[in-house]
Amino acid sequence: MNAEPPAAGASFYALSPEFEWLASAWDGFGRELAEVSGTLRHVVEAAAADPQLAAESSGLAALESAADRLLRELVDDASRIRRTHATYEEADATVHAAVPAVHVDPVPAFGAARISHGSPGSPGSPGSPGPAPGDSGLWHPAADPDPRDLSATALGTLSRIRRQILARAEHWVGQRVPYNQGAWHEGYRTDCSGYVSMCWGLRDSMVTSTMPQIAHRIAKEDLRAGDVLLNTDVATGHVILFDRWADYAHNSYVGFELCPQGTLHHVIPYPYYGGFGVYEPYRYNNTGD
């Protein structure tokens, strides 16, 4: 899983990679066409030198000229794409500078960490979501530590619950919380499911295989900020918090995840990188919508 966090001030809509990909693709087309044009040039020269093919040389020369013209157009297009890319990044940086910083109060710890030996997911192990003392064993949202409407200006029309989920996710990204299945931070286990449990405001850390107890499957096109992409397999289980789509075709998205590379906010291919199991979109039952 070679995932890297984006640079500070990365694009709100993650379009920079799309611009660069398009410009690189045009460069590639240009290189291939240059090779074709070079081959045509040799053919024209050979035809002109051969009396039996001289009559065909003018047509081949016209084809070579057309290829050269198309090559120049491709180079010009790639240059325009890169100029548009630079203009976009300048405008995006202006937007970033204008958006007020989001104040996020620390998420309170809900009880002391319960760490014991055993394999992840077994009762009493760091991967086990055992109920807190005196609890009924059912999962409930934690009490809201701050009733204020977080980040209304920056996050627009999202519900209060979804804005709080994203604010909690950003909180750990800002702290660069490292991945460790046997460690806890602010009352939650520092792995993927512990991170999402914190983002959702649960009483304690769940594991990926039990998250369907408090969430339900949704369609891909229904994904909204605060939903997740979930792999419930016991051996390969993982969960990513969905933020927003990264392209119009919905082939990639911006997500939050806690993985061996750390707490990341980055672009991920939908539903996840190949070879890491089956992922399905889920929604926390208490998002309120």
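The values are calculated or read from the model by the stated rules, or taken from the named source; none is laboratory data. Nothing here was measured: the structure is a model prediction, and the numbers come from that model. Every residue, glycine among them, receives a Cβ derived from its backbone with ideal geometry; neighbour counts consider all protein chains shown. Just so you know, the surface numbers come from the protein's heavy atoms only, side chains and all, with ligands and any DNA or RNA stripped out. Shrake-Rupley method; radii C 1.70, N 1.55, O 1.52, S 1.80 Å.
What tally of residues in the stretch 138-180 results from selecting those that are at pLDDT 50 or above, loosely packed, with under 15 Cβ neighbours inside 10 Å and under 29 Å from residue 261 (Cβ atoms)?
Number satisfying all stated conditions: 4.
Quick one: which residue in 197, 193 is under 19 Å from residue 168 (Cα atoms), in contact with a His (Cβ under 9 Å, 6 or more places away or on another chain), modelled with pLDDT of 95 or more and crowded, with 23+ Cβ neighbours inside 10 Å?
Values: 197 fails: in contact with a His (Cβ under 9 Å, 6 or more places away or on another chain).
When all the criteria are applied, what remains is 193.
If you check 196, 173, 177, which single one turns out to be within 22 Å of residue 266 (Cα to Cα), in contact (Cβ under 8 Å) with a residue 24 or more places away in the chain and in a loop (DSSP other than H, G, I, E, B)? Break it down into steps so the answer makes sense when it comes.
Values: 196 fails: in a loop (DSSP other than H, G, I, E, B); 173 fails: in a loop (DSSP other than H, G, I, E, B).
Checking each option against the conditions leaves just 177.
Which residues, counting only those in the stretch 264-289, are among the aromatic types (Phe, Trp, Tyr) and either open to solvent by 20 Å² or more (accessible area, probe 1.4 Å) or over 20 Å from residue 161 (Cβ atoms) (or both)? Give the derivation first.
Step one: of the stretch 264-289, the residues among the aromatic types (Phe, Trp, Tyr) are 270, 272-273, 276, 279, 282, 284.
Residues satisfying the conditions are 270, 272, 273, 276, 279, 282.
For the stretch 199-226, name all the residues that are touching a residue at least 60 places away in the same chain (Cβ under 8 Å) and of a type in the set (D, E, K, R). Explain how you work it out, then say what you get.
From the stretch 199-226, those touching a residue at least 60 places away in the same chain (Cβ under 8 Å) are 200-207, 209-220, 222, 224-226; that's our starting set.
Within the stretch 199-226, 203, 204, 217, 220, 222, 224 qualify.
Pairs under 8 Å by beta carbon, first residue more than 15 Å from residue 281 (Cβ to Cβ) and touching a residue at least 40 places away in the same chain (Cβ under 8 Å) in the stretch 237-266, partner of a type in the set (Lys, Arg) and open to solvent by 10 Å² or more (accessible area, probe 1.4 Å), six or more apart or different chains?
These pairs meet every condition: 262/176; 263/176.
Quick one: in the stretch 19-64, which of the residues that are acidic (Asp, Glu) and under 30 Å from residue 85 (Cα atoms) is modelled with the lowest pLDDT? Walk me through it before giving the result.
Going residue by residue through the stretch 19-64, those that are acidic (Asp, Glu) are 20, 27, 32, 35, 45, 50, 56, 64.
Now restrict to residues that are under 30 Å from residue 85 (Cα atoms): 20, 27, 32, 35.
Values: 20: 69, 27: 75, 32: 80, 35: 81.
Among those residues, the one meeting the criterion is 20.
Could you list all residues from the stretch 245-263 that are open to solvent by 10 Å² or more (accessible area, probe 1.4 Å), in a strand (DSSP E or B) and over 18 Å from residue 194 (Cβ atoms)?
Within the stretch 245-263, 245, 252 qualify.
Residue check: is residue 288 part of a loop (DSSP other than H, G, I, E, B), out of contact with any Phe, Trp or Tyr (no Cβ under 6 Å at 6 or more places or on another chain), without any contact (Cβ under 8 Å) to a residue 40 or more places away in the chain and of a type outside the set (Val, Ile, Thr)? Break it down into steps so the answer makes sense when it comes.
Working: part of a loop (DSSP other than H, G, I, E, B): yes; out of contact with any Phe, Trp or Tyr (no Cβ under 6 Å at 6 or more places or on another chain): yes; without any contact (Cβ under 8 Å) to a residue 40 or more places away in the chain: no; of a type outside the set (Val, Ile, Thr): yes.
It is false that residue 288 is part of a loop (DSSP other than H, G, I, E, B), out of contact with any Phe, Trp or Tyr (no Cβ under 6 Å at 6 or more places or on another chain), without any contact (Cβ under 8 Å) to a residue 40 or more places away in the chain and of a type outside the set (Val, Ile, Thr).
Being of a type in the set (A, V, I, L, M) and either modelled with pLDDT under 70 or out of contact with any helix residue (DSSP H, G or I) (no Cβ under 6 Å at 6 or more places or on another chain) (or both) narrows it down to one of 10, 67, so name that one. Let's see the steps before the verdict.
Values: 67 fails: either modelled with pLDDT under 70 or out of contact with any helix residue (DSSP H, G or I) (no Cβ under 6 Å at 6 or more places or on another chain) (or both).
Criteria check complete, one pass: 10.
If you take the residues of the stretch 205-244 that are of a type in the set (Asp, Glu) and out of contact with any Gly (no Cβ under 7 Å at 6 or more places or on another chain), which of them is least open to solvent (accessible area, probe 1.4 Å)? Lay out the reasoning, then the answer.
The first filter runs over the stretch 205-244 and keeps only residues of a type in the set (Asp, Glu), leaving 221-222, 227, 233, 243.
Still in the list and also out of contact with any Gly (no Cβ under 7 Å at 6 or more places or on another chain): 221-222, 227.
Numbers: 221: 117, 222: 82, 227: 0 Å².
Ranking the candidates gives 227 first.
Any residue at all in the stretch 234-244 that's farther than 18 Å from residue 171 by Cα, touching a Lys or Arg at 6+ places or on another chain (Cβ under 8 Å) and modelled with pLDDT of 95 or more?
no
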